[in-house]
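> Shown below is the structure under consideration.
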């Protein structure tokens, strides 16, 4: 049933060219939300929590890290840039520790 609905949708967008008009069509996805850093055995549980309105601390930390990295790429003020670099390094270290602990538990 679900497969048939998906097939119909795919056929429709192929016929209309809807996806090809998207400016990101054919480009790699930007997965800066920490999804790829999350252990496979936890992804479904985290998705369920997210859908229920809860976000695990690890995921929130990775989102914050991605936001700070994005801000760093556009920052031109040297003082603010140095602050952001320090924050990114600290968040990166915390994320590595948290993900390492998760991998050991799994």
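> For residues in the stretch 9-46 being assigned to a helix (DSSP H, G or I) and loosely packed, with under 10 Cβ neighbours inside 10 Å, which is modelled with the highest pLDDT?
44
> So, one more: Do the conditions hold for residue 5, that is, is it free of Cβ contacts under 8 Å to residues at least 24 places away in the same chain, over 19 Å from the mean Cα position of the chain (by Cα) and at negative phi?
Answer is yes for this residue.
> Can you tell which of 69, 50, 79, 63 is surrounded by 11 or more Cβ atoms within 10 Å (Cβ to Cβ), out of contact with any helix residue (DSSP H, G or I) (no Cβ under 8 Å at 6 or more places or on another chain) and on the phi < 0 side of the Ramachandran plot?
Only one candidate qualifies: 63.
Yes or no, residue by residue, for (1) in contact with a strand residue (DSSP E or B) (Cβ under 9 Å, 6 or more places away or on another chain); (2) in a helix (DSSP H, G or I); (3) modelled with pLDDT under 90:
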position	(1), (2), (3)
54	no, no, yes
59	no, yes, yes
63	no, yes, yes
67	no, yes, no
71	no, yes, no
80	no, yes, no
92	no, yes, yes
96	no, yes, yes
103	no, yes, yes
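The values are calculated or read from the model by the stated rules, or taken from the named source; none is laboratory data. Predicted model only: the values in this text are computed from it and were never measured. Note: ideal-geometry Cβ built from the backbone for every residue, glycine included; neighbour counts use all protein chains shown.
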